[in-house]
Amino acid sequence: MKSLVILISGRGSNMQALLEAGLPVEHIAVISNNPDASGLEIARRYGAETSIVDHRAFPDRQAFDRALAEKIDTHQPKLIALAGFMRILSDRFVQHYQGRLMNIHPSLLPAFPGLDTHARALQEGIKIHGCTVHFVTLQLDHGPIVIQAAIPVLPEDTEKTLAARVLQQEHRIYPQAVRWFMEDRIRLDANQVEIVDSCVNEIALYSPGLPE
Ligand code: GRF
C-alpha cells in the first residue's frame with residue numbers, strides 16, 4: 001500500500017493542497033507536534049487519519065524524534081512530507097528517512113534558509129522571490145532541490161502580500177513534487193534531482209519587466 005505521512009505544526013494550507021491534489025496514494029496520515037494546530041481539523045475533514053505527538057511531553061529532542069519516528073513507521077510511508085512542521089529534526093531522524101523526507105520552504109533556496117524569508121527578501125531588495133521543494137538533509141534548508149517556483153517582487157509588496165503570492169505557488173509545486181515521487185519519477189543522485197519526463201519551459205521571468 002502506497003502511503004504518505006504529512007507532518008504539520010499549524011495552519012496546514014500546504015497539507016490541504018496535498019490532500020486536495022488527488023495524489024496516487026492509498027493512505028494519507030497527518031501527524032502534528034502541536035495539539036492546537038488548526039490544520040488537524042482540516043485533515044479530519046478530508047478524511048485523513050490524524051495523530052498528535054506533542055514535543056512538550058518529551059524530555060529532549062532525541063526522545064521526541066524517537067516517538068515521532070515510531071508513529072510515522074506505523075504507516076510504512078513511501079514519503080514523509082514536512083508541511084510547515086516547525087521542529088528541527090535530529091540528525092538520526094533525518095538519516096533514518098534519507099531520500100524520502102521532503103520539505104517546502106518559502107524562498108528560492110539556497111537564498112534565505114531559516115525563518116522570516118519574506119521580510120529578509122524585501123530588506124535585501126531582491127527582485128525575484130519564490131519557493132522550493134527539496135529533500136531534507138543534515139544541513140537545514142539545504143537538501144537536493146526538486147522544484148522551485150519564482151514570482152516577481154512588486155514595488156508595492158509588503159511581507160504579507162509577498163507571503164500570500166509565494167504561498168499560492170507553494171500550493172502548486174508541493175503536490176507536483178509529491179506526485180512525481182509517488183510515480184517514481186524522481187532520480188536522486190548526490191545533490192542533483194532529475195525528474196523523468198519533466199516538461200521543458202524556457203520562458204524567462206524579468207522583474208521589473210522589460211519594455212514591450
Ligand atoms: C509555508 O510557508 C511553508 O513554506 C513553511 O511554513 C509555512 C507553512 O504554512 N515551511 P502552512 O501550514 O502549510 O499553511
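The values are calculated or read from the model by the stated rules, or taken from the named source; none is laboratory data. Bear in mind the structure is a predicted one, so any value in this text is a computation, not a measurement. Ideal geometry is used to build each Cβ from the backbone, glycine not excepted, and the neighbour counts take in all protein chains shown. Protein only, heavy atoms only, side chains kept; ligands, DNA and RNA dropped before computing areas. Shrake-Rupley method; radii C 1.70, N 1.55, O 1.52, S 1.80 Å.
Conditions: (1) in contact with a Gly (Cβ under 8 Å, 6 or more places away or on another chain); (2) away from the ligand (no atom under 11 Å from the Cβ); (3) closer than 28 Å to Phe64 by Cβ. Pro152 meets all but one. Number of the miss?
(3)
Could you tell me how many of the residues in the range 106-138 are part of a loop (DSSP other than H, G, I, E, B) and more than 20 Å from Leu79 (Cβ to Cβ)?
13
Give me the pairs: first residue in the range 194-212 and open to solvent by 100 Å² or more (accessible area, probe 1.4 Å), second residue outside any strand (DSSP E or B), beta-carbon distance under 7 Å, and six or more apart or on different chains, which are they?
Asp197/Arg185
Quick check on this structure: which one of Gln95, Gln16 is at pLDDT 95 or above and loosely packed, with under 14 Cβ neighbours inside 10 Å?
Gln95
Cβ-Cβ under 7 Å, sequence separation 6+ or interchain: first residue in the range 22-49 and under 16 Å from Leu68 (Cα atoms), partner charged (D, E, K, R). Which pairs?
Ala29/Glu49; Ile31/Lys71; Asn33/Asp54; Asn33/Arg87; Pro35/Asp54
Residues Gly10, Gly84, Gly39: which one is on the phi > 0 side of the Ramachandran plot, within 15 Å of the ligand (Cβ to nearest atom) and either at pLDDT below 95 or crowded, with 16+ Cβ neighbours inside 10 Å (or both)? Don't jump to the end; show me each part of the working.
Numbers: Gly10 fails: on the phi > 0 side of the Ramachandran plot; Gly39 fails: on the phi > 0 side of the Ramachandran plot.
The unique qualifying residue is Gly84.
All but one of (1) modelled with pLDDT of 95 or more; (2) closer than 22 Å to Ser13 by Cβ; (3) assigned to a loop (DSSP other than H, G, I, E, B) hold for Asp141; state the number of the condition that does not hold.
Single failed check for Asp141: (1).
For Leu115, which of the numbered conditions (1) within 11 Å of the ligand (Cβ to nearest atom); (2) touching a residue at least 12 places away in the same chain (Cβ under 8 Å); (3) farther than 28 Å from Arg187 by Cβ fails to hold?
The number of the failed condition is (2).
For the range 81-105, which residues satisfy the criterion of being closer than 18 Å to Val5 by Cβ and part of a strand (DSSP E or B)?
Correct list: Ala81, Leu82, Leu101, Met102, Asn103, Ile104.
Taking the range 137-176, which residues are of a type outside the set (A, V, I, L, M, F, W, C) and within 13 Å of Ala17 (Cβ to Cβ)?
Gln168, Gln169, Glu170, His171, Arg172, Tyr174, Pro175, Gln176
For Leu122, indicate whether it is touching a Cys at 6+ places or on another chain (Cβ under 8 Å) and open to solvent by 10 Å² or more (accessible area, probe 1.4 Å). Steps first, please.
Values: touching a Cys at 6+ places or on another chain (Cβ under 8 Å): no; open to solvent by 10 Å² or more (accessible area, probe 1.4 Å): yes.
No: the conditions fail for Leu122.
If you go through the range 49-81, how many residues are surrounded by 21 or more Cβ atoms within 10 Å (Cβ to Cβ) and touching a Ser or Thr at 6+ places or on another chain (Cβ under 6 Å)?
Number satisfying all stated conditions: 2.
Restricting attention to the range 71-81, report how many residues are within 17 Å of the chain's Cα centre (by Cα) and either of a type in the set (Ser, Thr, Tyr) or within 16 Å of the ligand (Cβ to nearest atom) (or both).
Of the residues in the range 71-81, 2 are within 17 Å of the chain's Cα centre (by Cα) and either of a type in the set (Ser, Thr, Tyr) or within 16 Å of the ligand (Cβ to nearest atom) (or both).
Need the failing condition index for Pro35 against (1) more than 20 Å from Ala177 (Cα to Cα); (2) out of contact with any Gly (no Cβ under 7 Å at 6 or more places or on another chain); (3) part of a helix (DSSP H, G or I), just the number.
It is condition (3) that Pro35 fails.
Just to be sure I understand, how many residues within the range 13-70 are more than 17 Å from the chain's Cα centre (by Cα) and of a type in the set (A, V, I, L, M)?
Qualifying residue count for the region: 10.
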